[in-house]
Structures are given as structure tokens and as C-alpha cells.
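The values are calculated or read from the model by the stated rules, or taken from the named source; none is laboratory data. Predicted model, so just to flag it, every value in this text is computed and none were measured. Cβ atoms come from the backbone with ideal geometry, glycine included; neighbour counts cover every protein chain shown.
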Amino acid sequence: GLLYKNSFYAGYAGVIDALLQYGFIPTEETKIAILGSGNVAQGAFSSISKYSSNIRMYYRKTMSIFKENYTKYDI
């Protein structure tokens with residue numbers, strides 16, 4: 001129904017709003033990490049992928065890898 005993709009669009013819009021508020025436009029050189037794999041994370045991925053393909057998604061099983069490498073990411 002109407003609210004089927006609500007959480008997806010929340011992630012999508014959240015990324016756009018954050019970029020506008022921060023005044024930052026990512027480029028291909030920008031290293032981006034997305035935490036989670038749910039609908040909100042999928043929306044965030046869809047939104048940020050319009051600017052850069054240098055994206056890595058982390059979820060519950062790979063969070064320890066993110067904790068070791070988080071300083072390498074710009075976003």
C-alpha cells in the first residue's frame with residue numbers, strides 16, 4: 001500500500017537532507033560507509049549512490065570490520 005516503501009524513502013531523504021545541512025557534495029573520491037542492511041539503509045544507499053560508487057555497506061556480522069576501519073571513511 002501507500003506506506004510500503006516509507007522507510008526506504010526515509011533513508012533516501014535523510015541522506016539528501018544531511019548533505020544539504022552539512023553543505024557537502026560527495027565525489028568519486030569520497031569514501032562512504034553505510035551501517036545496516038534494512039530498508040532505511042537501502043534507501044540511503046540508493047540516494048548516496050547517485051554521487052559516488054565508492055560505498056561499502058556494513059551489517060551485524062561485518063560491524064567488527066567497520067570498527068577497525070572507520071577512520072578510512074569520509075561519510
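Tabulated results
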quantity	calculated
Residue among Gly14, Gly1 that is at pLDDT below 95 and small (Gly, Ala, Ser)	Gly1
Residues located in region 28-75, provided they are β-branched (Val, Ile, Thr) and in contact (Cβ under 8 Å) with a residue 40 or more places away in the chain	Thr30, Ile32, Ile75
